[in-house]
Amino acid sequence: MHFKQFNFHPLIAAGVTAAGYDTPTPIQQQAIPPILSGRDVMGLAQTGTGKTAAFALPILHRLVDGPRGRIRALIVAPTRELAEQIHESINTLGRKTRIRSITIYGGVNINPQIQKLKQGVEIVVACPGRLLDHLSQGTIDLSHVEVLVLDEADQMFDMGFLPDIRRILKQIPEQRQNLLFSATMPADIRALANDILRDHATIQVGNTAPPVTVSHALYPVAQHLKTALLLQLLQHTDTESVLVFTRTKHRAKRVGEQLEKAGYKATSLQGNLSQNRRQAALDGFRDGTYQILVATDIAARGIDVSQISHVVNFDIPDTAEAYVHRIGRTGRAAKSGDAFTMVTNDDAAMVRAIEKALGTVLGRRTVEGFDYSVPAPHKDTEFARPPREPRQVRKPSGGAKKGNATAKTVKTAPAKANPAVSSQQAQPKPAVSGNKSGLRTPQRNKARQAGRHS
């Protein structure tokens, strides 16, 4: 099949050609016709299947000949990165149409968004929180919305956005076309679909298995040796771009710093970063400035980098579906990819769940020459706090005033540099004064009061 068979408006067809699109993907083949006909659609597809174009092209086709300067299509996405990706796709495919699209999300100044809305746009790609801010301030008008898209609906549920979505639904016309895309169908998403979709077409592409071009391997290792093993894997593997997944924002930041200190072009993508720094990390990963990107599941939504050669699960995901999401970011465009997953003894149940979902047993590997017998530090973690320096006690040069105890200043020597610890952890504690314990007792306070009135 060829894109010409969809009979898009000539301006849309020109954008498709300019983007280099030739043969539609399965989700595009199945979803575009019912969307063009005006039906509601439930699309079940994994990341990287081409679903953005599956809804963007019919929307552009619908809007190209209609009124301008008012919001006619609203696309809601869970993360800023995904919102920007959708926005870029719309601008690429609709470059000949002069249809205007903007992104709305938090973490950046709201005023430029307000100015763009005043100038008039036809498509808004928004994250729920900032969209509700605009609605509460009266700076956005959704009364003319004709098409609503909820993208990555399961992820929005995971992030707690479902109540926000229901509040947004009350602000848009009931007569509209609804397009809901999700990788999985948990009960809450099914309930939402039943509430908003009317006479809809269900499009399901693929199953829980990641691309066949991806090879999998498990690396059993103790928790405290994960960072060292990751460095060994990178040294002994021919990689292009590597996406490393961690369970927490804190760990993503730490692993990124460890890799950078080891000489790799690495950065992290996690929720504590400002939007400018998040975008810089993502752009740098796309253009090759950074070879390694360390991210959490939520932060990684919207990452669409076709040349990712390896996905490394530093921490095993919480569900088999999440594993498929992660692994789906390599092995794209008929290229081969590798998925490495570090597993501890505590991960046995999740390994079984993933293997059951994939219908195969994943191979276990070890790295030759790596010392798996190194004991853990005090805590079973890969980031060990260095031992504290002994305290030094120094008497002040002068005595205390009458009625007060002789003052002593206790100083803690700065911790020695340790690459496994952040600069905050290594800071000395502030000096304290008072009695020997550094605290004033009730008896000492009474003595001070008596001294003042004597």
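Would you mind checking which residues have amide H under 5 Å from residue 202's amide H? H placed 1.01 Å from N; only 5 or more apart, or other chain.
Under 5 Å from the amide H of residue 202: 42.
Using a Cα-Cα cut-off of under 17 Å, which aspartates and glutamates could be cross-linked to residue 253, ignoring same-chain neighbours fewer than 8 residues away?
Answer for residue 253, where 17 Å is the Cα cut-off: 297, 315, 382, listed by chain and number.
At a 1.4 Å probe, what is the % contribution of carbon and sulfur to the accessible area of segment 189-293?
47
Taking amide H positions as placed 1.01 Å from N in the peptide plane, with prolines and chain starts having none, which residues 5 or more places from residue 343, or on another chain, fall under 5 Å of its amide H?
Under 5 Å from the amide H of residue 343 lie the amide H atoms of 219, 221, each far enough along the sequence or on another chain.
Aspartates and glutamates near residue 356 by alpha-carbon distance under 12 Å, same-chain residues fewer than 8 away left out - which ones?
Qualifying aspartates and glutamates at Cα under 12 Å: 321.
When a/c is below 1.5 the answer is rounded, else prolate if a/b is larger than b/c, else oblate, so apply that to segment 93-194 with a ≥ b ≥ c taken from the square roots of the Cα gyration tensor eigenvalues.
Because a/c hits 1.5 or more and a/b exceeds b/c, segment 93-194 counts as prolate.
What is the spin-label model distance, in nm, from residue 133 to residue 373 if the labels are put 7 Å beyond Cα along the C-beta direction?
Placing both labels 7 Å along Cα→Cβ, they lie 5.6 nm apart.
Where only protein heavy atoms count, and the probe is 1.4 Å, what is the accessible area per residue for segment 146-262 in Å²?
Heavy-atom accessible area per residue stands at 45 Å².
Take the alpha carbon gyration tensor of segment 130-171, find the square roots of its eigenvalues, order them as a ≥ b ≥ c, and report rounded if a/c is under 1.5; if not, report prolate when a/b exceeds b/c, else oblate.
oblate
At 1.4 Å probe size, what's the solvent-accessible area of residue 237? Round to the nearest 10 Å².
Probe radius 1.4 Å; accessible area of residue 237 about 40 Å².
Roughly how many Å² of residue 310 are accessible to a 1.4 Å probe, to the nearest 10?
Surface open to solvent at residue 310 totals about 10 Å².
Percent of accessible area on segment 36-109 owned by carbon and sulfur, 1.4 Å probe?
Heavy-atom surface of segment 36-109 belonging to carbon and sulfur, 1.4 Å probe: 41 percent.
What do you reckon, how do 350, 156, 1 stack up by accessible area (1.4 Å probe), largest on top?
From most exposed to least exposed: 1, 350, 156.
In whole Å, how far is the Cα centre of segment 140-206 from that of segment 76-103?
18
The values are calculated or read from the model by the stated rules, or taken from the named source; none is laboratory data. Being a predicted model, the structure only gives us computed values, none of them experimental. Every residue, glycine as well, gets a Cβ built from its backbone with ideal geometry; the counts of neighbours run over all protein chains shown. Side chains included, ligands, DNA and RNA excluded: accessible areas come from the protein's heavy atoms. Shrake-Rupley method; radii C 1.70, N 1.55, O 1.52, S 1.80 Å.
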